[in-house]
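Values quoted throughout were computed directly from the atomic coordinates according to the rules given, and no laboratory measurement underlies them. Note that this is a predicted model, so its numbers are computed, not measured. Cβ coordinates were reconstructed from backbone atoms using ideal geometry, including for glycine residues, and neighbour counts include every protein chain displayed.
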Amino acid sequence: MTRRPSNRRHRPLAFSSFARNADLMASKSTKLKQLSSSKSDEKASVKSRDDEIEKRGMKGKGVLSESSSEEENDGEIVQLDFDFFSPKPEDFHGVKVLLHTYLDDHQWDLSGFVDLILGQTTVGTVVKIEDEEDENDDCLYSIVTALNLGRYKDTKPIKELKNFVLRACKEKVTVGDLRMLLNEQAQDVGLLVIKHVNNFPPELLPPLYNILFNEVAQAAKHEPTYFKFKVYLLITRIYKLNNANQRKGTSKSDSDEPIIYVWPEDEVFHKLSSWTFTFPLRSRPTDEMKNYKPMGLVMALEAKKVSYFQKELQSLISES
C-alpha cells in the first residue's frame, strides 16, 4: 500500500503566499471581508452549535460560519453571503461546469454522473452566493456529496469512472486494493465527489463537511444498505514539484514545497488515508506553476477516521 511519507512537508495551496497572490488574481482583487452561509430547503434547515451540525424539520436557514479577514493588498472590499442548498435539477449545468475536469480531459458520461448526484436527495450540498437581483442557478461555488459505488455499479458513468481509475493506477501494490473497493466491496464504499472554485473561502470548509457527514449518518439510519459506508474513495488533484527528490540544497520557500494541495482538506485526507496513488494529468500548468506538474490523486479513507478528519480540518483552518 502506498502511504504518504511522514517526512515530507506539505502546505495547502490556499495558505501559501503564492496561492494568496494567485487567488487575488483569480478573483480580480476581490477581498472576502465577511463570510456567512446557510443551507435551506423544503424539509430542513441546518444550524451550527458547539461544532455540531443539526438538521431541523422546518423551513429557514441557519448561520453556519461567520468570519472576517483582511488582506494587505489594494482592491475592492465586498461582502459575500454563501448559501448551502441540497442539489436540485436546476443545478445541472452548474454542477457539470464544476466537474468538467473531474476525470482530467477524459471523455466520459459526465452528464449521467451529474444526474446521479442530483437524483440523490438525502446527501449532498451545493454552495451559491446569495444575490437577490441575479438568481443564477448555473453559478455554483462548490459541490460535495457521497455516492454508493455498489448502488450505481450498473450505470454507465460509474462503469466508466471505475475503468478510468483502474487504468490510471500503475502501482502493483495498490491496484489490488483498488480493484477490491471498486468491485467486491463496492456496496461499502462511498465515492466522495468534491469540487470547489479556485478561490473558495476555506472558512466554509469545516461546516460544509460537517453537513456532509451528518447527512450520511442520518441517511444510514434510514437506508443502511446505501449509506453505512466503511470506506471513502476520493479523486482529486495536486501539484508535485518537478524533480522533487533532487532539490537538496535549494532555498526554502512556498514554491519549494514538494506537494501543493489545491484544496486545504486534501492535505488532511492524504495524511489519514489508508493508501493512495497518483497519476499524471494532461492539463498543462500555468506559468506561475511552471516548476510543478499537475497530478491526479486517489485516496482511500476508512469511515471510522471521519471524526479525526473533521477535527484536523478545523484545526488547519483555524491556525491558517
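For Thr121 and Arg282, the FRET efficiency from 1/(1 + (r/R0)^6), where r spans their Cβ atoms and R0 equals 35 Å, is about 0.50. Length gained on full extension, Ser318 to Val175, computed as 0.36 nm times the residue gap minus the Cα-Cα distance: 47.9 nm.
List every residue whose amide H lies under 5 Å from the amide H of Val193, counting only residues 5 or more places away in sequence or on a different chain, with H placed 1.01 Å from N in the peptide plane. For Val193, whose amide H was placed from the backbone, the distant partners under 5 Å are Thr145, Ala146, Leu147.
Restricting the GluC sites (Glu not before Pro) of segment 133-208 to loop positions (DSSP other than H, G, I, E, B) with no more than 14 neighbouring Cβ atoms within 10 Å leaves Glu133, Glu135, Glu184. Which value does Rg/Rh take for segment 256-320 over its C-alpha atoms, Rh per Kirkwood? That ratio is 1.02, to two decimals. Between Lys311 and Leu166, the contour length at 0.36 nm per residue exceeds the Cα-Cα span by 49.0 nm.
If neighbour count is taken as other Cβ atoms inside 10 Å, put Met180, Met295 in order from fewest to most. Don't skip to the end; give the middle numbers.
Working: Met180 13, Met295 16.
Sorted ascending by nearby Cβ count, the order is Met180, Met295.
Summarising the label geometry, the points placed 7 Å from Cα in the beta-carbon direction at Lys159 and Cys139 lie 4.0 nm from one another. Database remark: amide H of Glu302 closer than 5 angstrom to the amide H of Tyr232, Ser274 (H placed geometrically; neighbours at sequence offset of 5 or more, or on other chains; Pro and chain starts carry no H). Could you compute the net charge surrounding Asn148? Neighbours are other residues with a C-beta less than 12 Å from the C-beta of Asn148; K and R count +1, D and E count -1. With Lys, Arg at +1 and Asp, Glu at -1, the net is +2.
With an 8 Å Cα cut-off and a minimum separation of 6 or more residues, compute the relative contact order for segment 155-299 in percent. That works out to 26 percent.
By the scheme Lys and Arg +1, Asp and Glu -1, what is the net charge of all other residues having a beta-carbon under 11 Å from that of Trp263?
Details: positive: Lys195, Arg237; negative: Glu265, Asp266, Glu267.
So the environment of Trp263 carries a net charge of -1.
Site pair His222 and Met295 shows an inter-label distance of 4.2 nm when each label is modelled 7 Å from Cα along Cα→Cβ.
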